[in-house]
Structure formats: structure tokens, C-alpha cells
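Note sheet for the following structure.
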Amino acid sequence: MKQDFATTLQRDKQILNPAIAATQIRSALGVSDETAIPDVYGAFRSLGIHVFRRKLGNSNISGLFVIHPVAGKCALVNSSEDIYRQRFSAAHEMAHAIFDSDQSASVSLFDSRNDPRETRANKFASNFLMPKSFLKKLPDPKKWTDDDVRKYASRFKVSCAALGYALKSANLIRQELCERMVVLQVPKETKVDPELPSNLTQMQRERKTRLLDLGLSDFYVQLCFDAFQEGVISLGRLSEALLCSPSEMMELSSLYGRSIYAR
């Protein structure tokens, strides 16, 4: 665990360059440039950033970053977005945790290209998910078919649009080709949410999806149960933290294979 690595990185003058910051964090995570980040949310939690996903009423908000007086750095990602878009949004909010922690809060809108802080955060997210050093090792993208674009987007677990913009930023393609890539889509059925693994039953998937929409990730739920089992919180406080009534705790504990009795 590299707890609060983002704070350490802030003391390095090189963080003014989002590409360098992205490279340093990948290195801290032990992830090579040739490897896709399998679980962005877990990666950032290991760096000391609290990451939550919740369905937001405003579809124009991709995410937000706040400094909580007790919990510290917290990022919220809009779970109503596409799975791959959420990955980019999480990486974007990580950039705010590094560069903009002097701000009490930062709201990331779907289209905020005129804000230099948002532009910097997008550059960080792009380099973190798709390192330029690896993009330059790929077969010539100017010769890619539409299926090739989808294949490489799936490899990085990003949208075709994000890949197109990254290739253009790396000067590997021109605007016309970028525009062709941007409209392509990775088939929804091929995308896997790291917090909703494929081994879940349909009922478990639906239940955990509803919990995610409320901001309750597996990590958070298990942390709450651990606190209860260790006697740090009561059953009443546990149900309060998990946004359910005491009578609903039985179903939730069964879903996660935890007990609400043995302590």
C-alpha cells in the first residue's frame, strides 16, 4: 500500500507535468506501461484516495473531488455513465487530488474544456490509462480498421473517443482520423466492471449495482462490516453507514457472506 502517495507527489515540482505525474503513479503501483490498469478505483484507494461511485441526478457532472475535514481526499464518480467513461472520470478526479488539493472542492463537468485545471486533469487521466510510450509501440494507427480501434480501446479499457484523442495528442494521427475514431463504440457486453465481477449471479449483480448507485462499493461495505466485527461500531451504526434498516441487514450480510451476530 502506498498510502497518500498523492500528497508525497505534490511536493515534487515535476507534478506540474501531468504526464510525468501519471508515469510516477503507475510506477508506484508497480504497473508497466504495457499493462492496462485493471481496477482504477482499487488502485487509487491504495494510494490514500477515498473513491466512491454514485448515480448522480445531474448527467452533466462526471465526478467531483472534495477535501473532507475528517476523511481527507475523496473523489466521487457518476455511476450513471458508461463503465469505461467512469474509469476516465476516476483518473480525472485523481488528478485533482494531486494538483488541486488546495481547493476545498472541484466539480468536473462533462464539457469543461475552457478550464485549464480540467484540461490538465484530462491529460493526466489520458496518460495514466494510455501511456504515450506504449501508444508509440502499437502498429501504425493510421492503418487501423474500425475493429482495430475497438480492439485497442478494449485493451486499455477506455472509450474509442478517449483512445482517438490520446493518439492525436501523441501526434500519431491527424484530426480527420481522430474524428472517425471518436464516433466508434466498444460493445457494451464486452466491458467488465471490476466492482461487478462476472462470477456474480444475476440477482447479486442487480443488488450490488443498486448499492453502487447509492455510493456503496464492495470496499466500503466490507470495511463497514470489519468495523462492526471488531466492535468499533454498533449494529445500528452499521445499518446507518450502509443506508439500510436493521431488518434489511440480514439480506445485505448474506450478499457479502458476513455475519451480523458473531463478533
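The values are calculated or read from the model by the stated rules, or taken from the named source; none is laboratory data. Nothing here was measured: the structure is a model prediction, and the numbers come from that model. Ideal geometry is used to build each Cβ from the backbone, glycine not excepted, and the neighbour counts take in all protein chains shown.
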Out of segment 119-154, which residues are part of a helix (DSSP H, G or I) and loosely packed, with under 15 Cβ neighbours inside 10 Å? THR119, SER133, LYS142, LYS143, ASP146, ASP147, ASP148, LYS151
With the requirement that a residue be surrounded by 12 or more Cβ atoms within 10 Å (Cβ to Cβ) and either of a type in the set (S, T, N, Q) or part of a loop (DSSP other than H, G, I, E, B) (or both), what does segment 202-227 give you? GLN204, THR209, LEU214, GLY215, LEU216, SER217, GLN222
May I ask you to list the residues in segment 21-41 that are surrounded by fewer than 16 Cβ atoms within 10 Å (Cβ to Cβ) and outside any loop (DSSP other than H, G, I, E, B)? SER27
Does segment 185-201 contain at least one residue that is part of a helix (DSSP H, G or I) and either over 22 Å from the mean Cα position of the chain (by Cα) or surrounded by 12 or more Cβ atoms within 10 Å (Cβ to Cβ) (or both)? no
Only residues in segment 232-259 that are assigned by TED's automatic domain parsing to the domain that holds LEU211 count as the first member; pair them with residues that are exposed (fewer than 11 other Cβ atoms within 10 Å of the Cβ) and not in a helix (DSSP H, G or I), Cβ under 8 angstrom, at least 6 apart or cross-chain, and list the lot. SER239/SER245
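Are any of the residues in segment 57-73 at pLDDT 90 or above and outside the structural domain of LYS208 (by TED's automatic domain parsing)? Let's see the steps before the verdict.
As a first pass, look at segment 57-73 and keep what is at pLDDT 90 or above: none.
The answer is no, given that none of the residues of segment 57-73 is at pLDDT 90 or above and outside the structural domain of LYS208 (by TED's automatic domain parsing).
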Give me a count of the residues in segment 45-71 that are in a strand (DSSP E or B), buried (at least 16 other Cβ atoms within 10 Å of the Cβ) and over 13 Å from the mean Cα position of the chain (by Cα). 3
Can you tell me which of (1) assigned by TED's automatic domain parsing to the domain that holds ALA43; (2) surrounded by fewer than 17 Cβ atoms within 10 Å (Cβ to Cβ); (3) modelled with pLDDT of 90 or more; (4) among the hydroxyl-bearing types (Ser, Thr, Tyr) is the one SER89 doesn't meet? (2)
Identify the single condition in (1) in contact with a Ser or Thr (Cβ under 6 Å, 6 or more places away or on another chain); (2) farther than 20 Å from ASP82 by Cα that LEU212 does not satisfy, given that it satisfies every other one. (2)
Give me the residue from segment 228-255 that is over 23 Å from GLY57 (Cβ atoms) and under 25 Å from the mean Cα position of the chain (by Cα) and, out of that set, surrounded by the fewest Cβ atoms within 10 Å (Cβ to Cβ). LEU255
